[in-house]
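Below is one structure; the comments refer to it alone.
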Amino acid sequence: MAHPFFTVEMLPARHGDALWIEFGDAGRTRRILIDGGPLHAWPEFSARLDRLPAGDQRVELLVITHVDTDHIEGIVRLLALPRAKWPIEPMDIWFNGYRQIAAQTDLGGREGEFLSALIHRRAYDEWNHAFGGKAVVVPGKGALPRVALPDDRGMVLTLLSPDKAKLATMGRQWRKDVAQWELDPGDLDAAWVQLVDETKFHPGAELTLGPEDLTAQLRAQLKGTDASAANGSSIAFLAEYAGKSCLFLADAHMKTVCASIRRLLAPGQDRLRVDAVKMAHHGSRNNLTPEFMQLVDAEHFLFSSNGDKFKHPDAQAVEAVIRGARRKPTLWFNYRSPFNERWEADSRTAHATYATRYPPHGEAGIVLPLLA
Ligand SMILES: [Zn+2]
């Protein structure tokens, strides 16, 4: 492979996620798109997609991690375009819609119904292709699903979340949501009106055990218990390419992610070494535990959020990374915000224990070159 590359771009998706991954070599660029941010980030999101070279719109994989608006709205907007006008041409689409969840349990969410209708009508053959059209889910036992993207020279994705229990919980939530709304299938104008932010978070108090270097106070503040069913249904995975790796954690729950990571460890191995982690849930303290910091050995930590709505990232989560990382960490932010700028000054001192990367002043979005 001549001059392989692997880059992770956090697009300016406001308080949400939109991740653009490129890999390949001098001969060809491959791409993965994870989520599309909220609807009001559509201008920036679509502008990035429009920068694809003419005649080369192929995307190996489109992942819609879960149904929350800060991840799904941009994709609904995108797929609502006539297929001939899609700025991308996905080879496979990973999304757990009502039907996939129902097949697992017996249970569907509102935004999810919109997206399901779109995929069903416009890209049915590309739906969860790697999973035979069924749910993207971690099985209760046996090996974690490993997907080698076809014809791409080596990108391997290992599924970490959701598990069956998280999908079942989402199914119940979905059914509850569906009971509350009335919508004619295919009436997308009505669908847009209903696309309002329904994200809710209910932090609990449970805490797992973790590394010694986190103070008792900090441990107490890392809740690690995000009660959102939608977040718990997040598709999260490990991506490995040309010797480089990144954990893409969506808004997944740490118990699920950590349980999967443990299944990946070889006997006697106590941690997973990766190059980068896209932090779960925009750096919420509800989606980070000392257990995770103990299980993962990484250099780069990515925080996707402008701080709107939930003031992410939480200071406790950033501090836990700085104190708990097993190597000197570099923190990557796709915006400068009042909620992340505070970390810059200490990172620039002579004896800094961590480094920071921000977009240039006045700009948003950032690219981590894992391999360039
Ligand atoms: Zn989110």
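The values are calculated or read from the model by the stated rules, or taken from the named source; none is laboratory data. Because the structure is a prediction, the values reported are computed rather than measured. Glycine gets a Cβ as well: all are built from the backbone with ideal geometry, and neighbour counts include every protein chain shown. When the accessible area is computed, the model is the full protein with side chains, heavy atoms only, and any ligands, DNA or RNA have been set aside. Shrake-Rupley method; radii C 1.70, N 1.55, O 1.52, S 1.80 Å.
Considering only alpha-carbon pairs that sit under 8 angstrom and 6 or more positions apart, the relative contact order computed for the stretch 237-330 is 26 percent. Enumerate the residues in the stretch 286-303 having an amide nitrogen under 19 Å from the point lying 7 Å beyond the Cα of Arg271 toward its Cβ. Label zone hits: 288-302. Classified by the C-alpha gyration tensor, the chain has a rounded form. Its axis ratio a/c, with a ≥ b ≥ c, is below 1.5. Considering the dipole of the chain built from charges on the beta carbon (Lys and Arg +1, Asp and Glu -1) around the Cα centre, which of Ile32, Thr289, Phe339 is farthest to its positive end? Positive-most Cα among the choices belongs to Thr289. Distance between the pseudo-spin-label points of Lys328 and Ala352 (7 Å out from Cα toward the beta carbon): 1.0 nm. Dipole magnitude for the chain: computed about the Cα centre from +1 point charges on Lys and Arg Cβ and -1 point charges on Asp and Glu Cβ, it is near 780 debye.
Quick check: at a probe of 1.4 Å, how many percent of the accessible area of the chain sits on carbon and sulfur atoms?
Numbers: 7590 of 15120 Å².
Accessible surface attributable to carbon and sulfur in the chain totals 50 percent.
Give, rounded to the nearest 20 debye, the magnitude of the charge dipole that the stretch 220-372 has about its Cα centre when Lys and Arg contribute +1 at Cβ and Asp and Glu contribute -1 at Cβ. Walk me through the numbers on the way to the answer.
Values: 19 positive and 15 negative charges, 48 e Å.
Magnitude of the dipole: close to 240 debye.
Peptides 28-39, 53-64 ranked from most to least packed by the mean count of surrounding Cβ atoms within 10 Å: 28-39, 53-64.
Could you compute Rg(Cα) / (2.2 N^0.38 Å) for the stretch 237-372, with N its residue count? Write down the numbers at each step before the final one.
Details: Rg = 14.5 Å, N = 136, 2.2 N^0.38 = 14.2 Å.
For the stretch 237-372, the normalised Cα radius of gyration comes out at 1.02.
Using the 1.4 Å probe convention, the accessible area of the stretch 280-358 works out to 36 Å² per residue with neighbouring protein chains retained.
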